[in-house]
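Only the coordinates and a few stated rules stand behind these numbers; no lab work does. Note that the structure is predicted; figures quoted are calculated from it, not measured. When we count neighbours, we look across all protein chains shown, and the Cβ atoms used for this are built from the backbone with ideal geometry, even at glycine.
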Amino acid sequence: MDYVSLVGIALGLAMDAFAVSITKGATIRKVTPKFSLKLSFSFGLFQALMPILGWTIGKAGESFISAVDHWVAFILLSYLGIRMMIESNKAPEEKNSDQKENDINFKTLITLSVATSIDALATGIILPSTVGAKNAAAMMISVGIIGAITFILCVAGIYIGKNFGRLLSSKAELFGGVVLTGIGIKIFMEHMFFT
């Protein structure tokens, strides 16, 4: 399994959640360990579940996907990366207009978790060909790494947001977009010119 690409994908996917964590850390009245763990666990869990769903969808059309996987990876990762780069240019007020609050309610938590992990759904379709996660065990290791990296970055993001505010959230999304786009180009180049 290609752990370098897997970690790169995990970092790229986690940047949306990381950016939201920074924003929530900046906007919440008092950051507590309970709040930090709740938000980070939810983001990490959804970031791990979405690729499994995407992988399941991809398994249904495995023979077709294997013929075009490098194109799919290139298009999906580039699209997601470019979209993240565009999002990074939006003003913080456009992304999150929440007032200061003490905690996050369940509905908002789930909505944010799904919104920040939806990109991982598409990634799950191409993850087996991208990082070599060809069976269920390898896929579980892959999504575990994705979820763990998201969790760790979100915990850090909340405390970064608490200390440094909203200024850093757009940089995280920009970095994530560059990473995802770069991995898409790498996969395309490898399949087109080095196989």
Exercise. Using a basic spin-label model with each label point 7 Å from the Cα along Cα→Cβ, how many nm lie between residue 2 and residue 156?
Worked result: 2.3 nm
For this session: Mind checking the full-extension length gain between residue 185 and residue 148? Use 0.36 nm per residue of separation minus the Cα-Cα distance, one decimal, nm.
Result: 10.8 nm
For this session: Based on other C-beta atoms within 10 Å, arrange 74, 164 from fewest to most.
Result: 164, 74
